[in-house]
Each structure stands twice: as structure tokens, then as C-alpha cells.
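Any read-out appearing in this document is the output of simple, stated calculations on the displayed coordinates, not a laboratory observation. Computed from a predicted model, the values in this text were never measured in an experiment. Here the Cβ positions follow ideal geometry from the backbone for every residue, glycine too, while neighbour counts run over all protein chains shown.
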Amino acid sequence: MSLYLIRTFGRCKDQTALKVGYTANMKNRMDSYKYHNPYSETISVREGDLLDETRTHTYLISLGFKIDLLNEWFKDENEVLQLFHKPFETMNKVIWNDRDKLFTKKDFISENKLYELYTSLRMMQSPLKKATTIDQEWLNIINRKYVKSFNMYEDDII
């Protein structure tokens, strides 16, 4: 399983962007890109899984490198390559410290990849030193899901 960083060119050769992605088969994935975007080039590869892809996206977003309106695409700057290779533990710390800005209530309701990332980060925090707004949202939603799954009423939880 690999994370990759590719560069793609826009209509003009000087318009470039970087994509962070995940694949279980690097060769097939890059062949697919060449078919749809023959001018793309692989910049870097590192070990990682789907959660690490989400972690890297969230980390780069927190640092302001995301291109508006494009998911998984980031500004083509040298710093992005360096940040792509940061240890995941370093990314975790930055994301956790910025969690109130990065996660929203809808991330938990829709149970998407950000929910999974937040949950994995939350499990690493023991005990939770300073609960923030988003931590309270997380706990409320988890409680509601627990209550619903066991057909209990919220009043039954002490």
C-alpha cells in the first residue's frame, strides 16, 4: 500500500498542481493517470494506507496548501513535497491541535474518512487534556449512535 504525490499540468505547462493519493497497486494507478492525463508525473511515493492518505490531506489543508474546489489537489510548491514525507506522528500533532478548525459536526454525521481520522487521533489522546467544541460534538454523536444502536433513550444514559 502506497501514498503517492503526482504533478499534473493544466492547460498551460506553467499551471501545475500536486495530488496526494493512495493505491494498493502503484503501477496500475500510474498507468491509469497516464491514460487520462498523459502529462502527469510521479513526484514521490511512500508507504501508507487509506487513513494515512486522509491524514496527509488534512495536514496539508491545515497548512493552507489546498487548491479551492479541488479535492485531494494541492498547490505545487516545494514545501508540499517536504511535508508529504513528514512522520505521521508529526502530522497527527498538528491536526489534533487544529481539530476545531479542521473537523465539523457533519464530518461525524456522514461517517466519512475525516470521522475515521478524528476517531483514530482521539484514541491516541489519553486522557483528553482539554476538551474542545469538536470533542464535545464527537462525544454527543457517539452517544447518540450508541443509544440508537441499543434502542435506548438518551435519558437512560447516566
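Counted by Cβ distance under 11 Å from Lys66, the other residues give a net charge of -1, where Lys and Arg count +1 and Asp and Glu count -1.
Shape verdict for the stretch 1-86, please, from the Cα gyration tensor: rounded (a/c under 1.5), prolate (a/b greater than b/c) or oblate. Don't skip to the answer; put the middle values down first.
On the way: a/c = 1.77, a/b = 1.05, b/c = 1.69.
Here the stretch 1-86 falls in the oblate category.
By the scheme Lys and Arg +1, Asp and Glu -1, what is the net charge of all other residues having a beta-carbon under 12 Å from that of Val94?
Values: positive: Arg55, Lys86, Lys93, Arg99, Lys101; negative: Glu89, Asp98.
Surrounding charge for Val94 is +3.
Are there trypsin sites (Lys or Arg not before Pro) in the stretch 1-97 that DSSP puts in a loop and that have at most 10 other Cβ atoms within 10 Å, and which ones? It would help to have the intermediate numbers written out before the result.
Values: sites: Arg7, Arg11, Lys13, Lys19, Lys27, Arg29, Lys34, Arg46, Arg55, Lys66, Lys75, Lys93; in loops: Arg11, Lys13.
Those that pass, being in a loop and sparsely packed, are Arg11, Lys13.
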